[in-house]
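Structure first, then comments.
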Amino acid sequence: MDLKNLRLNYKKSTIDFKNAKENPIQYFMKWFEDALKLNNQEANACVLSTVSSDSYPTSRVVLLKEINENGFIFFTNYKSSKANDINVNPNVALNFYWPELERQVRITGIAKKIAIKDSDAYFENRPRDSQMGAWLSDQSKVIALDYSFMDTLNALETKFKDKEVERPLGWGGYCISPVRVEFWQGRPSRLHDRLVYEIDSGKWNKKRLAP
């Protein structure tokens, strides 16, 4: 397998450093809209990295479900490994990569549970099978290799027959409030454009980084 010769010469776009927005969330929204225009159904897929109580980093793909002035929101089981990590250390990282645009966004921030009413509102709008899934899986718990979910699913369908599916108390959202956001645009000859925003005393400072 000849990995050393796998390479691309990036040349699809540039970062206009002189006219970059003052707020990184606004700038992110522009890039996110560009990704959606390509009919990218998983433009909201990103890698979430956390650190466990024994200082081991862990990464996994999650789906971004909301962006607002406070930050970036995703949902999960509050007993999952990622939630356990956040309980110990709320400092996390998100990484978005859109190869069609030759763009990457790296976000460092602090994760905090969102309000119960906001988790309820999102859960109510989920498809019913996704709502059932939130009840069905004890996320990250070890189960038998031949474990079948059918008995549990049948019991849930009986419980919620002709009823709305309530949000499990152990399931909800986190908002990642950013403290650092880096925008990376691939450029020819590996002379990539890099724009970083860092928060200082409540204000965002912009800097350009060497490739």
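The values are calculated or read from the model by the stated rules, or taken from the named source; none is laboratory data. Not measured: the values here are computed from a predicted model. Using ideal geometry, Cβ is built from the backbone for each residue, glycine included, and neighbour counts are taken over all protein chains shown. With ligands, DNA and RNA removed, areas are computed over all heavy atoms of the protein, side chains included. Shrake-Rupley method; radii C 1.70, N 1.55, O 1.52, S 1.80 Å.
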message = Pick from ARG126, ARG106, ARG194 the residue whose mean-square fluctuation is largest in a GNM of the chain, springs joining Cα atoms under 10 Å.
response = ARG126
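Excluding ligands, DNA and RNA, what is the solvent-accessible area per residue of the stretch 1-42 at a probe of 1.4 Å, expressed in Å²?
Details: 3470 Å² over 42 residues.
Each residue of the stretch 1-42 exposes 83 Å² on average to a 1.4 Å probe.
If packing is taken as the average number of other Cβ atoms within 10 Å across a peptide's residues, how do 114-120, 73-79 rank, most packed first? Intermediate results must be reported in sequence, preceding the final value.
Numbers: 114-120: 14.1, 73-79: 19.3.
Ranked from most to least packed, the peptides come out as 73-79, 114-120.
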Spatially near lysine pairs across the stretch 16-134, Cα under 18 Å, sequence gap of 8 or more or different chains = 12
inquiry  = Could you put LEU145, LEU6 in order of accessible surface area, largest first, with the 1.4 Å probe and the full protein assembly present?
reply    = LEU145, LEU6
Largest-first ordering by accessible area, 1.4 Å probe, given options SER13, SER55 = SER55, SER13
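Can you give me the % of accessible surface on the chain that is carbon or sulfur? Probe 1.4 Å, all protein chains present, nothing else counted.
On the chain, the fraction of accessible area on carbon and sulfur atoms equals 51 percent.
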request  = Please state, to two decimals, what the Cα-based radius of gyration of the stretch 1-104 comes to when divided by 2.2 N^0.38 Å (N = residues).
outcome  = 1.28
request  = Could you state the angle between the C-alpha long axis of helix 150-159 and the longest principal axis of the C-alpha atoms of the chain, as a value from 0 to 90 degrees rounded to the nearest 10?
outcome  = 70 degrees
note = Which of ALA144, ALA20, ALA93 fluctuates most in a GNM of the chain (C-alpha springs under 10 Å)? That residue is ALA144
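Before rounding to the nearest 500, sum -39500 (n - 2.57) across all DSSP H runs of length at least 4 in the chain and divide by the residue total; then give [θ] at 222 nm in deg cm²/dmol.
Working: 5 runs with 50 residues, N = 211.
One gets -7000 deg cm²/dmol as the mean residue ellipticity at 222 nm.
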key: Where labels lie 7 Å past Cα in the beta-carbon direction, separation of SER13 and LEU153 in nm   = 4.0 nm
